[in-house]
1. Enumerate the pairs (first residue in region 1-20 and without any contact (Cβ under 8 Å) to a residue 60 or more places away in the chain; second residue anywhere and in a helix (DSSP H, G or I)) with beta-carbon separation below 8 Å, excluding pairs fewer than 6 apart on the same chain, so at least 6 apart or on different chains.
2. Pairs please, first residue from region 23-48 and more than 22 Å from residue 94 (Cα to Cα), second anywhere and surrounded by fewer than 19 Cβ atoms within 10 Å (Cβ to Cβ) and modelled with pLDDT of 95 or more, Cβ atoms under 7 Å, 6+ apart in sequence or on different chains.
3. Quick check on my filter: what residues within region 24-41 are surrounded by 15 or more Cβ atoms within 10 Å (Cβ to Cβ) and not in a helix (DSSP H, G or I)?
4. What's the number of the condition residue 44 fails, among (1) modelled with pLDDT of 95 or more; (2) more than 13 Å from the chain's Cα centre (by Cα); (3) surrounded by 15 or more Cβ atoms within 10 Å (Cβ to Cβ); (4) not in a loop (DSSP other than H, G, I, E, B)?
5. Test of understanding: among 79, 111, which residue is more than 28 Å from residue 44 (Cα to Cα) and surrounded by 14 or more Cβ atoms within 10 Å (Cβ to Cβ)?
């Protein structure tokens with residue numbers, strides 16, 4: 001149960017970081033005088049996609065670790081590979097559909113996806129001493 005708690009905490013950190021990053025991005029667009037419906041929609045879709053991608057990656061890794069701990073490391077590797085392939089295909093399809101719709105700002109759509117690594121790095125500063133990563 002403790003492992004699940006850490007997993008949900010990591011997902012929560014990512015979600016909060018993406019929302020804060022999206023708000024900062026909207027602020028930058030507003031300061032540049034470019035904030036419009038396309039930016040808002042693109043940013044919102046980007047944030048949802050980034051958090052969903054991280055959520056499904058974390059759940060996949062958790063399932064793979066469970067398989068490996070149960071004595072099936074090869075099964076864990078298969079879960080990771082399939083999870084990654086399916087996530088990337090769905091992410092690519094969603095990005096293409098959003099971009100082709102013409103209703104979203106492409107930059108606002110992609111920025112939240114790029115923020116994932118910096119959010120994880122900043123999240124490390126808030127990790128309690130001695131706490132392992134989920």
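The values are calculated or read from the model by the stated rules, or taken from the named source; none is laboratory data. Note that the structure is a prediction, hence the values are computed from the model and not measured. Cβ placement follows ideal geometry from the backbone for every residue including glycine, while neighbour counts extend to all protein chains displayed.
1. Once the first residue is without any contact (Cβ under 8 Å) to a residue 60 or more places away in the chain and sits in region 1-20, its partners that are in a helix (DSSP H, G or I) give 4/62; 11/51; 11/54; 11/55; 11/58; 15/51; 19/47.
2. Filtered contacts from region 23-48: 29/35; 35/26.
3. We begin by selecting, within region 24-41, every residue surrounded by 15 or more Cβ atoms within 10 Å (Cβ to Cβ); these are 25-26, 29, 35, 38-41.
Answer for region 24-41, where residues must be surrounded by 15 or more Cβ atoms within 10 Å (Cβ to Cβ) and not in a helix (DSSP H, G or I): just 35.
4. (2)
5. Numbers: 111 fails: more than 28 Å from residue 44 (Cα to Cα).
Just one listed residue meets the conditions, 79.
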